[in-house]
Amino acid sequence: MNNLRLITMTILMAMISCSDDEGDEPQDDGTSTLESYSFTYNETEYEVILEKMSWKEAAAYAKEQGGYLAEINSQEEQNTLYTELSKNAGITLTRTTASDGGGASYVWIGGNDINAEGEWKWDGNDDGSGAQFWAGLADGSVVGGLYNNWGDEPDDFNDNQDGLGLALTDWPLGTAGQWNDLRDSNRLYFLIEY
């Protein structure tokens, strides 16, 4: 009877151990080592990293993985990426918020004006180069006819917003899907393009 009890307890412990492990580990699709969701649009691979980093950390991680923070060049690309982020990526909105962005939820994308205030560039690998797509604040202008999707932004709130976030929820100066300038030290999820 003791042997039967020992075998039963061993089997039960093994079953509990197996069920506790399910879902605890990030799913590795071979692209990165962090929890993520991958998809393809227009023959380009994208990966949403569901781990929080500052803009610079996210850009460095993207570069290390062989990509860069996403660059959005058309309304169609914007719509597709927003749909993937909001409906398919499994993002917990409360885990990726920016207090200086009206408390809304965001993911980092590749624009910044870190090197020169108001000179917004696609620089998703943080090498200081890239095409400038916007000049100035909210009343600024498009550069070179490049696509942009700002809310009533950028506003450089408190003279300290240099990273570009794609909003997943509304905020006082914009709606979900639009862009907002944020403090680049915010720790947010991010979108890599390969």
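Taking a ≥ b ≥ c as the square roots of the eigenvalues of the Cα gyration tensor, an a/c ratio below 1.5 marks region 36-193 as rounded.
Per-residue Karplus couplings for region 54-62, computed as 6.51 cos²θ - 1.76 cosθ + 1.60 with θ equal to phi - 60°, are listed in order as 5, 4, 5, 5, 5, 5, 5, 5, 4 Hz, Gly and Pro entered as x.
Taking a ≥ b ≥ c as the square roots of the Cα gyration tensor eigenvalues, region 101-150 comes out oblate, since a/c reaches at least 1.5 and a/b does not exceed b/c.
Can you bin region 41-121 into rounded, prolate or oblate? Criterion: square roots of the alpha carbon gyration tensor eigenvalues sorted a ≥ b ≥ c, rounded for a/c under 1.5, prolate for a/b above b/c, oblate for the rest. Cα axes put region 41-121 in the rounded bin.
Every read-out reported here was derived from the displayed coordinates using simple, explicitly stated rules and does not represent laboratory data. Computed from a predicted model, the values in this text were never measured in an experiment.
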